[in-house]
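Peer 1: Quick one: the structure is below, and I'll ask about it shortly.
The values are calculated or read from the model by the stated rules, or taken from the named source; none is laboratory data. Since this is a predicted model, take the numbers as computed values, not measurements. A quick note on method: Cβ atoms are made from the backbone with ideal geometry, for glycine too, and the neighbour counts reach across all protein chains shown.
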Amino acid sequence: MELSKSIAAVVTGGASGLGAATAKALAAKGVRVALLDLNADLGEKLAKELGGTFAKCDVTNEANVDSALAAVRKAHGQERILVNCAGIGVAKRITRRVKETNAIETHDLATFTKVIQINLIGTFLMMSKCAQGMQATDPINKDGERGLMICTSSVAAQDGQIGQVAYSASKGGVASMTLPVARDLSRDGIRVVTIMPGLFLTPMFDNLPDEAQKSLAASVPFPSRLGSPTEYAALAVHICENVMINGECIRLDGALRMAPR
């Protein structure tokens, strides 16, 4: 896909972190970018900087997704690119022993369900709605390409650590959807690719002390540092421009393999 002002993109979780970096990178290529996020203050500010548009959106709510997409399509037309970056992370074991009482507590269902709803079901919902719109368009190149959907999984899908049962399950689901959705949409020229980031410096790390961040960075074989959101964005741009990349999950992790804890 040739990136230009004729192309519109939707980025979920676009107000910060990986989503914001990707929105900036696409806008730098001339793409008309729409940001979907719950953080209206950051989202509206960045959209203004990029000459794009913003819609407040809960990716787990179908009516909310429909109205957000209708609003940004009114501004930019049908999106040809979807980048799913909206997500959350929690740290809870499936069971834990309470030291004071020796009682065994289980991972609460509400938290597990919330993580699945946002990370997995939210990704599915955005893909189904955007694919529907893309299918109704004409191809944009000689290959017959109509669109591209990039999803965000995690190395935790394969290397889940202690306390990552909900997060790993949600991100594993995103990875597992990639190939069947790519196959579902292949006859319509819509590609589906998933990026699996390792340890990246995003808002999820904001509350970690410097020493903890340094320790995590040292665990990455090379380069021994936390990834930059701009590196995720660079891969997203390459995926857009390389039409042969399809139905694949790409680890972006500096050769990291997560230890149990």
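Peer 1: Please go through the stretch 166-220 and pick out each residue that is farther than 21 Å from GLY19 by Cβ, acidic (Asp, Glu) and modelled with pLDDT under 95.
Peer 2: Correct list: ASP210, GLU211.
The rows are residues; the columns are (1) touching a helix residue (DSSP H, G or I) at 6+ places or on another chain (Cβ under 9 Å); (2) surrounded by fewer than 19 Cβ atoms within 10 Å (Cβ to Cβ).
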{"site": "GLY87", "(1), (2)": "yes, no"}
{"site": "ARG93", "(1), (2)": "yes, yes"}
{"site": "LYS114", "(1), (2)": "yes, yes"}
{"site": "MET126", "(1), (2)": "yes, no"}
{"site": "VAL155", "(1), (2)": "yes, no"}
{"site": "GLN158", "(1), (2)": "yes, yes"}
{"site": "ILE162", "(1), (2)": "no, yes"}
{"site": "ALA169", "(1), (2)": "yes, yes"}
{"site": "SER186", "(1), (2)": "no, yes"}
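Peer 1: Which of the residues belonging to the stretch 90-138 are among the hydrophobic types (A, V, I, L, M, F, W, C), more than 23 Å from LYS171 (Cα to Cα) and either in contact (Cβ under 8 Å) with a residue 60 or more places away in the chain or out of contact with any strand residue (DSSP E or B) (no Cβ under 8 Å at 6 or more places or on another chain) (or both)?
Peer 2: If the condition is that a residue be among the hydrophobic types (A, V, I, L, M, F, W, C), more than 23 Å from LYS171 (Cα to Cα) and either in contact (Cβ under 8 Å) with a residue 60 or more places away in the chain or out of contact with any strand residue (DSSP E or B) (no Cβ under 8 Å at 6 or more places or on another chain) (or both), then ALA136 is the only one that fits.
Peer 1: On to the next question. Report, ordered by the first and then the second residue, all pairs with beta carbons closer than 9 Å, sequence separation of six or more or different chains, a first member in the stretch 8-29 that is more than 18 Å from GLN78 (Cβ to Cβ), and a second member that is among the polar types (S, T, N, Q) and part of a helix (DSSP H, G or I).
Peer 2: ALA21/THR230; LYS24/THR230; ALA25/THR230
Peer 1: If you don't mind, there's one more thing I want to ask. Output the number of the condition that ALA236 fails; it satisfies all remaining conditions of (1) at pLDDT 90 or above; (2) surrounded by fewer than 17 Cβ atoms within 10 Å (Cβ to Cβ); (3) in contact with a helix residue (DSSP H, G or I) (Cβ under 9 Å, 6 or more places away or on another chain); (4) assigned to a helix (DSSP H, G or I).
Peer 2: It fails just one condition, (2).
Peer 1: A further question on this structure: Quick one: how many residues across the stretch 159-201 are within 16 Å of the chain's Cα centre (by Cα) and part of a strand (DSSP E or B)?
Peer 2: Looking only at that region, the number is 8.
Peer 1: Residues in the stretch 215-238 that are touching a Leu at 6+ places or on another chain (Cβ under 9 Å) and either among the basic types (Lys, Arg) or closer than 22 Å to PRO260 by Cβ (or both): how many?
Peer 2: 8
Peer 1: Please determine whether any residue of the stretch 233-249 is out of contact with any Pro (no Cβ under 9 Å at 6 or more places or on another chain), among the hydrophobic types (A, V, I, L, M, F, W, C) and more than 20 Å from THR152 (Cα to Cα).
Peer 2: no
Peer 1: Would you pick out the residues in the stretch 1-55 that are under 19 Å from the mean Cα position of the chain (by Cα) and among the basic types (Lys, Arg)?
Peer 2: The answer is LYS24, ARG32.
Peer 1: Right, something else. Could you go through the stretch 228-236 and let me know if any residue there is closer than 24 Å to LYS24 by Cα, in contact with a strand residue (DSSP E or B) (Cβ under 8 Å, 6 or more places away or on another chain), in contact (Cβ under 8 Å) with a residue 60 or more places away in the chain and not small (Gly, Ala, Ser).
Peer 2: Yes.
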